[in-house]
Amino acid sequence: MMWDWEFTAVVVPRLLDGLVITVLATLIGYLVALALGLAVAIVRRVRIIGPIVHAVMEFIRTTPLLVQLLFVFFLAPSGMTALTVGITVLGVHYAAYTAEVYRSGIEGVAKGQWEACRALSLPPLRVWGAVILPQAIRKVIPALGNYLIAMFKDTPLLYAITVQEMMFHASGLGGQYFRNFEAITLVGLLFVLVSVPSAILIRRLERRYAAV
Amino acid sequence: MPLSDTTGAPGPEAAGGPLIRFEKVVKRYGDNVVLRELDFEVAAGERVTLIGPSGSGKTTILRLLMTLETVNDGVIWVNGDSLSHMERNGKLVPANEAHLRRVRKKIGMVFQQFNLFPNMSVRKNITEGPVHTLGVSKEEANQRAEDLLELVGLKAKIDAHPTQLSGGQQQRVAIARALAMRPEILLLDEVTSALDPELVAGVLDVLRDVAQTTDITMLCVTHEMGFARDVSHRVLMFDAGRIAEEGTPEQIFGDPREERTRTFLKAVLETG
Ligand SMILES: Nc1ncnc2c1ncn2[C@@H]1O[C@H](COP(=O)(O)OP(=O)(O)OP(=O)(O)O)[C@@H](O)[C@H]1O
Ligand SMILES: [Mg+2]
């Protein structure tokens, strides 16, 4: 089987369009996951609503992302674009994971830090914002970084709800030209092209924050 | 430099009464009764040393005062305010966070493990409480931090991070941090026992200085008998959650009446 360069020339520009969507969905979804996960990790410590939030997140964590995507996509109001649904579901799904990461980070902060805060009567906003979270988050930056890569690799699932990311174009054009092999290979290549440098960047960040 | 702020309006029971009063205080952890109907009082300005064997409840007493723990029974009064209850419409109701914060502001604590905030500079460690709890201006808090670091001999380290300091230096910063809140009461729980022997003297010197230059009420758990003799007015010997013996340092260390005190002091002298 010969590699079809003509088809490559046709499909690559479309795949790059798709890559933009993929990266966009990953980055926004990741921000949602970071913010929501943090909120969940904090609220989990509150009486009564904490356990409820925990149960919901546990449910999200133990059902497949694909099922969640399709479920929300079919339920979503018609004004909501597939991309918005995709980003939201990705973000919420991964928030269930980042919440656990934050939780372990928060629990890793020495008990004495809470007691020192208490002895100084610091207001809760300072306790969390100036003492506990800066220490907790520093420790879990590597784990959080890993979820960015994992999330990026999960974006092809958005294809199932018609988001025009890379897989959408690859499968469309690949089928049309009977060149699925080239199409899929190129998608894989583009994924590697983005995730390897990202992984290196994340490791570098990790090393920087691991000190102290 | 005024280290203690005693302008707070005293509670109804405070006039002439003790600053701290334990009234039949019971503290249990599960089945383990740590304090058994403990009664004792500390007057304003008094320096009290708590000694006693491991597990006798010394740390628990300080932690109860700092409201890091709550009593199971009995009442702890600080300046006429109960740590577990407050008055509302003439009735006693369980204390809320606002009440605790108000009472707690009078109390400072220095921990065995220092518990400095590792993510903040020395300056920030000391100004955090005054700025965000007491509402002191940044400039004033900074001035306080500088004065206190001068007192503990660490002015040069104001912009260092705790991780760059020795244990003794960290503990001196922790003392400065507690004093920056201008507490009426200072709680010291074995503040030198996590330190290398050569660093102990520096910390104790700072505390002697605090005792000499201020009128802060001090409750101090320590195995440093020389220090206890120098600064304290009264020594309480605890055993199994009760006061086994109390007296002046001269009497307790020189001529203990109780057999338990004698055995304990002998053991401390041998190991310390
Ligand atoms: N958080 C806790 N949970 C359960 N038991 C506790 C807890 N804190 C203290 N205790 C128990 O309470 C008792 C008194 O402890 P405390 O720390 O007050 O003793 P101490 O006199 O300070 O001893 P040491 O000289 O070893 O510091 C001990 O039996 C201890 O095991
Ligand atoms: Mg103790």
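Every number in this text was worked out from the coordinates using simple rules, so none of it is lab data. Here the structure is a predicted model, which is why all the values come from computation and not from measurement. When we count neighbours, we look across all protein chains shown, and the Cβ atoms used for this are built from the backbone with ideal geometry, even at glycine.
Some observations on this one:
- Cross-link pairs beyond the 22 Å C-alpha cut-off, checked among A:Lys111/B:Lys105; A:Lys111/B:Lys138; A:Lys111/B:Lys157; A:Lys111/B:Lys155; A:Lys111/A:Lys139: A:Lys111/B:Lys138; A:Lys111/B:Lys157; A:Lys111/B:Lys155
- Each label was represented as a point 7 Å from its Cα along the Cα-to-Cβ direction; for B:Ala267 and A:Leu205 these points are 5.3 nm apart.
- Close amide-amide hydrogen proximity is noted between B:Gly74 and B:Val26, each under 5 Å apart and 5 or more residues distant or on a separate chain (H modeled in the peptide plane; Pro and chain starts excluded).
- Using alpha-carbon coordinates, inclination of helix A:5-43 to the longest axis of chain A, degrees: 20 degrees
- Distance distribution note for region A:7-210: the fraction of Cα pairs above 32 angstrom is 28%.
- For region B:192-272, the spherically averaged projection of the C-alpha convex hull amounts to 5.8 nm².
- Computed FRET value (nearest 0.05) for A:Val192 with A:Ile49, which takes r as the C-beta separation and R₀ as 41 Å: 0.45
- Average beta-carbon neighbours from other chains, 10 Å sphere, peptide B:94-105: 1
- Mean Cα-pair separation over length for region A:73-212, i.e. relative contact order, pairs under 8 Å, 6 or more apart, %: 24 percent
- Here each label is just a point 7 Å from Cα along the line to Cβ, and for B:Ala43 and A:Asp17 those points are 8.9 nm apart.
- Most fluctuating residue given options B:Leu116, B:Leu68, B:Leu148, as computed from a GNM of chain B linking Cα atoms under 10 Å: B:Leu68
- Taking label points 7 Å from Cα along the Cα-to-Cβ direction, B:Glu87 and B:Glu150 give a separation of 4.2 nm.
- Other residues with beta-carbon under 12 Å from the beta-carbon of B:Val110 carry, at +1 per Lys or Arg and -1 per Asp or Glu, a net charge of -1.
- Region B:202-272: trypsin sites (Lys or Arg not before Pro) in DSSP coil with no more than 16 other Cβ atoms inside 10 Å: B:Arg257
- Within the listed set A:Gln176, A:Gln135, A:Gln164, the residue fluctuating most in the Gaussian network model of chain A (springs between alpha-carbon atoms under 10 angstrom) is A:Gln176.
- Within 10 Å of the Cβ of each residue in A:133-141, the mean number of Cβ atoms contributed by other protein chains is 1.
- Toward the positive end of the charge dipole of region B:166-226, with +1 on the Cβ of Lys and Arg and -1 on the Cβ of Asp and Glu, the farthest Cα among B:His223, B:Leu179, B:Gly202 is that of B:Leu179.
- Computed E for B:Arg102/A:Tyr177 - FRET, C-beta separation, R0 60 angstrom, nearest 0.05: 0.20
- Angle between chain A longest axis and helix A:133-154 axis [Cα atoms, degrees, rounded to 10]: 20 degrees
- Counting Cβ atoms of other protein chains within 10 Å of each residue's Cβ and taking the mean over peptide B:107-119 gives 5.
- Percent of Cα pairs exceeding the 25 Å cut-off, where the set is region B:12-271: 46 percent
- Between 0 and 90°, nearest 10: helix A:49-61 axis offset from chain A longest Cα axis: 20 degrees
- Only Lys, Arg, Asp and Glu carry charge here, each on its Cβ (+1 for the first two, -1 for the last two); on that basis region B:12-271 has a dipole of about 680 debye about its Cα centre.
- On the principal axes of its alpha carbon atoms, the protein assembly as shown extends 101, 51, 45 Å, with the longest extent given first.
- Dipole magnitude of region A:7-210 about its Cα centre (Cβ charges: Lys, Arg +1; Asp, Glu -1), debye to nearest 20: 780 debye
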